[in-house]
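To keep things clear, I will list the structure first and then write my remarks on it.
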Amino acid sequence: FLGWRSFDFLIIFVSQRIIPYLGFFPYKDQLPGFNLPHWLSSLANFDGLHYISIARDGYAQYEQAFFPLYPLSIKLMTPLFLNNQLLTGIIISNISFLLGLFFFYKYLKLIFPNNQQFNNLTIIFILLFPTSFFFGAVYTEGLFFLLFVLTLYFLKKENYLLVAIFAFLASLTRFVGVFLIILILFNLIQKSKVKSQNYNLKVKSLLILSPLLGLGLYCFYLFKTTGDPFFFLT
């Protein structure tokens, strides 16, 4: 992780001196206000500043396309990091990604206990992927990766309360989090076949509904504030 982070910063630092700015980023003039080095503040380019704006001022027109958990996390944790929303977003994303890699490695060891080389290469290939820099930027990728991996990990561990919590939070982070319902259903069906028994109906309901509850909560908020529960799409 440290090697990936250092190499990524090096690329940012060097590329800004080689590739000229072409004017495609309309919010560039807001970045200096956070008093961070340009090679660091550039991790909030484009949509990153929308998440910061939501954390600071709440939703503005058409920003409802961005789901709420990440900007809410920035808002709540900003006092811990010099009241700097951009710095807070970078820290949340990077710590989330680091923890996500840790739990993903533990998950791989559960799935492939006798294939250490495969497990190591899987982590390395994630870090080497050309767009992996998004995991450490002021975007939802790092946080969503952590919540997605934790859902998988605790499904394997059969800790269904934590599965419900992390699936719920994942669908509050990105819309695609709602599709964790497919993984949960598939897992329940497999477990039922292997153990030749049915799980408690309440446990099943909690697991199946948890991704829908996260999306439903955001839809309810949108209905109350805009009159359209699907305003993130429309």
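Relative contact order of the stretch 90-234, please, whole-number percent, based on alpha carbon pairs below 8 angstrom and at least 6 residues apart. Before the final figure, lay out each step's value.
Details: 160 pairs, mean separation 30.9, N = 145.
It rounds to 21 percent for the stretch 90-234.
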Task: Sequence-separation-based contact order of the stretch 16-80, relative, with Cα cut under 8 Å and 6+ spacing, percent - done: 24 percent
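Could you sort out which of K75/K204; K157/K204; K109/K202 sit more than 24 Å apart by Cα distance in this structure?
On the way: K75/K204 34 Å; K157/K204 16 Å; K109/K202 30 Å.
Over 24 Å Cα-Cα: K75/K204; K109/K202.
Probe radius 1.4 Å, ligands and nucleic acids ignored: give me the carbon and sulfur share of the accessible area of the stretch 119-218 as a rounded percent.
Details: 3750 of 5050 Å².
Whole-percent figure for carbon plus sulfur exposure: 74.
Would you mind counting up the charge near L49? Only other residues with Cβ under 14 Å from its Cβ, with Lys and Arg at +1 and Asp and Glu at -1.
Values: positive: K28, R56; negative: D29, D47, D57, E63.
Taking every Cβ under 14 Å from that of L49, the sum is -2.
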Task: Choice from S132, S205, S93 with maximal GNM fluctuation in the chain (Cα, 10 Å cutoff) - done: S205
Open item on the list: Tell me the accessible surface of K106 in square angstrom (1.4 angstrom probe, heavy atoms of protein chains only), to the nearest ten.
Closed with: 70 Å²
TODO: Take the alpha carbon atoms of the stretch 1-25, find their center, do the same for the stretch 203-234, and report the distance between the two centers in whole angstrom.
DONE: 37 Å
- [ ] Counting only heavy atoms of the protein chains, get the accessible area per residue of the stretch 73-112 (1.4 Å probe) and round it to a whole Å² value.
- [x] 50 Å²
Open item on the list: Below 11 angstrom from the Cβ of L127, what's the summed charge of the other residues (Lys, Arg +1; Asp, Glu -1)?
Closed with: 0
TODO: Measure nothing fancy, just the Cα-based angle from helix 48-57's long axis to the longest principal axis of the chain, in degrees from 0 to 90, nearest 10.
DONE: 90 degrees
Task: Nearest 10 degrees, 0 to 90: helix 160-171 Cα axis against the chain principal axis - done: 40 degrees
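Count the net charge of all other residues whose Cβ sits under 13 Å from the Cβ of L152, scoring Lys and Arg as +1 and Asp and Glu as -1. Can you show the working numbers first?
Details: positive: K106, K109, K156, K157; negative: E158.
Taking every other residue near L152 into account, the sum is +3.
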Task: H38 accessible area, assembled protein chains, probe 1.4 Å, Å² - done: 90 Å²
TODO: Working from Cα positions, state the angle (0 to 90°, nearest 10) between the long axis of helix 85-111 and the longest principal axis of the chain.
DONE: 30 degrees
Task: Computed accessible area, W39, all protein chains, 1.4 angstrom probe, square angstrom - done: 80 Å²
Task: Spin-label model distance (nm) - N35 vs K106, 7 Å beyond Cα toward Cβ - done: 3.8 nm
Open item on the list: Per 0.36 nm of contour for each residue apart, how much would the distance between F81 and L2 grow if the chain were fully extended, relative to their Cα-Cα spacing?
Closed with: 26.4 nm
- [ ] Could you work out how far apart the two model spin labels at Q16 and L213 are, taking each label as a point 7 Å from the Cα in the direction of the beta carbon, and quote it in nm?
- [x] 4.3 nm
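The values are calculated or read from the model by the stated rules, or taken from the named source; none is laboratory data. On a predicted model such as this, the values are computed, not experimentally measured, just so you know. Note that we place each Cβ from the backbone using ideal geometry, even for glycine, and neighbour counts take in every protein chain shown. To get the accessible areas, we keep the full protein, side chains included, count just its heavy atoms, and leave off ligands, DNA and RNA. Shrake-Rupley method; radii C 1.70, N 1.55, O 1.52, S 1.80 Å.
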